[in-house]
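Reviewing the structure listed below.
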């Protein structure tokens, strides 16, 4: 009986281990795998040959949707290296130089580009190389601009969202109706990459005018960070009404796409709040530890499997003790 029990437990354990392995492969998809689901196919997905010493590849009609981030992925797949330039022209013929760098074999490069308008874009890839070589090029549509950088709880409470194309010295004003005694979280960031060939500094002036016309300076001559970062601040209102948000961008490049969002955060003067206003924003912290629902389900199943193994071993030991005592 003891040998059979051990074999049974080993068999159950083996099946559970196999189930865990299968679960890790199929129930917990990676971010990259999720990007290739049928509803999100790549716009470009092919290996192309480029000839030395200089060559170019032009895609004259690529439709891009506004306010989304598109990812340009590059990989040299032959034992060579080169210098690659990527240039875009939007539907209004504004030029974006988004990439200029060395490429070597088996080194992935990912270049994000957030769009400001819908339409047909022209994309040009140019290389300089001592040898003929093959490069894998992929273009993929991602999420809404800034969505991956704003906690989902706040993004779902946005009261204003926009991606605009700014040319050098351009200024825009937005008129937004705010409630009184509410703290709003303001986000803004550059969403289009800038080639290292250009002076990459994008400088911003940011002023808020309340309903009485009082100016509140937020940023003045402030350099916006790279596309991987974002600026934000909280702004509490003293009265209800229409506020004017004025943004001015200074840059040496022809055009840069800037995304910004305003989200309802919390009510400052809340009569039901006996502990005072919040001192921190837990949603920012919890966002770091949030997991996809599939992963949470998988973790629960795996935990249940291990508990089942422990219970099975405990029952076998208990049964052995009973048999020994009965003998």
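Among the residues of the range 138-171, how many are under 26 Å from the mean Cα position of the chain (by Cα), part of a strand (DSSP E or B) and under 21 Å from residue 92 (Cβ atoms)?
8
More than 24 Å from the chain's Cα centre (by Cα), farther than 30 Å from residue 91 by Cβ, at pLDDT below 65 and surrounded by 13 or more Cβ atoms within 10 Å (Cβ to Cβ): does that describe residue 302?
When the stated conditions are applied, residue 302 passes them.
I want to confirm something. Restricting to the range 234-270 and keeping residues that are under 29 Å from residue 193 (Cα atoms) and without any contact (Cβ under 8 Å) to a residue 60 or more places away in the chain, which single residue is surrounded by the most Cβ atoms within 10 Å (Cβ to Cβ)?
The selected residue is 235.
What number goes with the only condition from (1) over 21 Å from residue 247 (Cβ atoms); (2) outside the structural domain of residue 44 (by TED's automatic domain parsing); (3) touching a residue at least 40 places away in the same chain (Cβ under 8 Å) that residue 163 does not pass?
(1)
State all residues of the range 78-94 that are within 30 Å of residue 65 (Cβ to Cβ) and assigned to a strand (DSSP E or B); if no residue qualifies, say none.
Listed by number, the residues that qualify are 84, 85, 86, 87, 88, 89.
Have a look at 226, 290, 251 and point out the one that is in contact with a helix residue (DSSP H, G or I) (Cβ under 9 Å, 6 or more places away or on another chain) and modelled with pLDDT under 90.
Matching residue, one of 226, 290, 251: 290.
For residue 226, indicate whether it is under 30 Å from residue 88 (Cβ atoms) and crowded, with 16+ Cβ neighbours inside 10 Å.
Criteria not met by residue 226.
Say we look at the range 184-214 and pick out the residues that are outside any loop (DSSP other than H, G, I, E, B) and more than 25 Å from the chain's Cα centre (by Cα); which of these is surrounded by the most Cβ atoms within 10 Å (Cβ to Cβ)?
208
The values are calculated or read from the model by the stated rules, or taken from the named source; none is laboratory data. This structure is a prediction, so every number in the text was calculated from the model and none was measured. Please note: Cβ atoms are built from the backbone with ideal geometry, for glycine as well, and neighbour counts cover all protein chains shown.
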